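The values are calculated or read from the model by the stated rules, or taken from the named source; none is laboratory data. All values reported here derive from a predicted model rather than from experimental measurement. A quick note on method: Cβ atoms are made from the backbone with ideal geometry, for glycine too, and the neighbour counts reach across all protein chains shown. The accessibility values were calculated without ligands, DNA or RNA, using every heavy atom of the protein model including side chains. Shrake-Rupley method; radii C 1.70, N 1.55, O 1.52, S 1.80 Å.
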Number of protein chains: 2
Amino acid sequence: MRIAELSRRSEVPVPTIKFYLRTELLFPGERTSHNQAQYTEAHVRRLKVIRALIEVGGLSIAATREVLEKMYAPGMSAVDSAGKAQFAMVTQRPVIEDETWERAVKETDALLDRLGWQVRATNPARQSLASAIATLYRLGQTPQLKLLDDYAKVARQAAEAELAHLAGETDPDAFVESAVIWTALGDVIFSALRRAAQEDIVTRFTSPQE
Amino acid sequence: MRIAELSRRSEVPVPTIKFYLRTELLFPGERTSHNQAQYTEAHVRRLKVIRALIEVGGLSIAATREVLEKMYAPGMSAVDSAGKAQFAMVTQRPVIEDETWERAVKETDALLDRLGWQVRATNPARQSLASAIATLYRLGQTPQLKLLDDYAKVARQAAEAELAHLAGETDPDAFVESAVIWTALGDVIFSALRRAAQEDIVTRFTSPQE
């Protein structure tokens, strides 16, 4: 198909497609004349993944490129590719390594030990968690640390449900794509459902049904 | 206290404090001479809330100002102030109101009906949810819609745990501050714990213990 058709199918405007080609997020089509190229279903699919990463995950062009490299690295299992891509999806914030930070890292280690979870030292989730805990300390919100165990419980349930769902996918590329897209979307969906649930609970509490 | 002490106590640099004063996110101190002012514990506390909204919640200056206005609006109950502040914390993305969007809105309504949750039409969580569902449609990830009910279950558990925790807070300002800070941090913490749980589950699945 030509670029206009690719644009229609992927819902990505032609100038944006050209930008993705220039920045090498999208691999080139097969050149058929000096100013025309043919694109395939693989291009449609790749554009959808790029959109998911940029529009939903809020990733930069550089971060998107890194995730795509991990997703389609040759010689890796689908599970490993998905894992590495997910590591690359986390935007690491700069950390102030003061006493509070050290305390937060210890609290994170203690939590993961208590849960008995096997989590590599390189998993950026450790740093995100320590960073959030350090913020609770800095803002004087330490009583809220008690909520960490409740959150761990629900996060595990979410992870189990999504991995059980993914386990049914037999095509390795589709597995990796679904894992990456759902990683980005799952956060947004949890956040929205949590706010919806909060309103329902508060409404019931403050205006009991007669 | 003077501005240097306020900076030390709040861990916010003096130029940033001056910027917050100029943009009226922070209320002025009591002027003691033409170039000096005295600040109070209320300033320390407000600076912590501003940091939470900007650094953790990722809010813009304009959005932060809106949230602060809702948080401290006179004549509102703490629960209402917290609710309104939370509405203001959601960054609404522009929506393309096409057929896919209409379908996603219907799916959102159906989900909330099925759950029996009372969620106002004005709650931005509805739009965030519809937006995420529309993305699943657009990316051809419709099988993942099955995960919505699992996510609703865990989101409700999280909301119940945090509201039960908050219910113990008797000072209305502290209640609103904790609610707003935890709203921003809870998303980050869930996201990190979910990734940690994913690694643990995948590790156990792919390398069984002997």
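Summary of computed values
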| quantity | calculated |
| --- | --- |
| Segment B:62-76: number of residues that are at negative phi and not in a helix (DSSP H, G or I) | 4 |
| Criterion: more than 19 Å from residue A:63 (Cα to Cα), part of a loop (DSSP other than H, G, I, E, B) and of a type in the set (Val, Ile, Thr) - qualifying residue of A:154, A:79, A:119, A:105 | A:119 |
| Qualifying positions in segment B:76-129 - touching a residue at least 24 places away in the same chain (Cβ under 8 Å) and of a type in the set (Lys, Arg) | B:93, B:103, B:114 |
| Search result, residues across segment B:1-12 that are assigned to a loop (DSSP other than H, G, I, E, B) and open to solvent by less than 40 Å² (accessible area, probe 1.4 Å) | B:12 |
| Residue A:73 being open to solvent by less than 20 Å² (accessible area, probe 1.4 Å), under 16 Å from residue A:25 (Cβ atoms) and not aromatic (Phe, Trp, Tyr) | no |
| Residues (under 16 Å from residue B:199 (Cβ atoms) and open to solvent by 30 Å² or more (accessible area, probe 1.4 Å)) located in segment A:146-156 | A:156 |
| Meets criteria (under 14 Å from residue A:189 (Cα atoms) and either of a type outside the set (Gly, Ala, Ser) or outside the structural domain of residue B:107 (by TED's automatic domain parsing) (or both)) for residue B:171 | no |
| Residues being under 25 Å from residue B:178 (Cβ atoms) and in contact with a Gly (Cβ under 9 Å, 6 or more places away or on another chain) - total across segment B:22-46 | 4 |
| Subset of segment A:157-210 that is of a type in the set (Asp, Glu) and more than 7 Å from chain B (Cβ to nearest Cβ) - its residue that is most open to solvent (accessible area, probe 1.4 Å) | A:210 |
| Flag for residue A:92 being assigned to a helix (DSSP H, G or I) and at pLDDT below 90 | no |
| Selection within segment B:83-114 - hydrophobic (A, V, I, L, M, F, W, C), out of contact with any Asp or Glu (no Cβ under 8 Å at 6 or more places or on another chain) and more than 7 Å from chain A (Cβ to nearest Cβ) | B:85, B:87, B:89, B:90, B:95, B:96, B:101, B:104, B:105, B:110 |
| Qualifying residue in segment A:130-145 (condition: open to solvent by less than 60 Å² (accessible area, probe 1.4 Å), closer than 30 Å to residue B:135 by Cα and either more than 7 Å from chain B (Cβ to nearest Cβ) or not in a helix (DSSP H, G or I) (or both)) | yes |
| Filtered residues of segment A:76-101 (kept if in contact with a Lys or Arg (Cβ under 8 Å, 6 or more places away or on another chain), within 15 Å of residue A:128 (Cβ to Cβ) and either open to solvent by 70 Å² or more (accessible area, probe 1.4 Å) or of a type in the set (Asp, Glu) (or both)) | none |
| Matching entry among B:191, B:207, B:178 (being hydroxyl-bearing (Ser, Thr, Tyr) and at pLDDT 90 or above) | B:191 |
| Hits in segment B:13-55 (condition: among the β-branched types (Val, Ile, Thr), surrounded by fewer than 21 Cβ atoms within 10 Å (Cβ to Cβ) and under 21 Å from the mean Cα position of the chain (by Cα)) | B:44, B:54 |
